[in-house]
Amino acid sequence: MTELTIPPDADEERAAQLVEEHVEIGDVVEVTSKEWADDSQDFDIEGTVTGLEPGYLELDDQPVDEGSVRYDEIHTVTQVDSA
C-alpha cells in the first residue's frame, strides 16, 4: 500500500496532477477527505479507479455526486491494490 497526501496549499489542478501520478485505472484505492472544521463533511471512500476525469477521480463508474470524489476534496489517496 502506498499513500499520497495532497499538500494543503495545492489547488485543484495540482491535486489532480498528483493523483494521476499516483494511481492508475483499475487500482483499488481508499480516499479520505480534507480535514474540514465541520466533521459532517468528512468522508472515507474505497473503490476501484475507473476514470481520471477533469475535476474528479471516478470510482466504480459512479458520477461525482454518487461515489466519485472531486480532486479539491481529497486529503489522502491510499492504493490498496494495484491494477
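Structure notes:
- In degrees, nearest ten, helix 12-22 long axis to first principal axis of the chain (Cα): 40
- The chain: relative contact order as a whole-number percent, Cα under 8 Å and 6+ apart: 41
- Along the chain, counting only GluC sites (Glu not before Pro) with a DSSP assignment other than H, G, I, E or B and at most 16 other Cβ atoms inside a 10 Å radius, the longest segment between sites is 36-83.
- For the chain: rounded, prolate or oblate by the Cα gyration tensor [a/c cutoff 1.5]: rounded
- Basic side chains Lys and Arg get +1 at the Cβ, acidic Asp and Glu get -1 at the Cβ, and with that the dipole of the chain about its Cα centre reaches some 160 debye.
Each reported figure results from applying straightforward, stated rules to the coordinates on display, with no laboratory input. Predicted, not measured: the structure shown is a model, and the values here were computed from it. Positions of Cβ are backbone-derived with ideal geometry, glycine not excepted, and every protein chain shown enters the neighbour counts.
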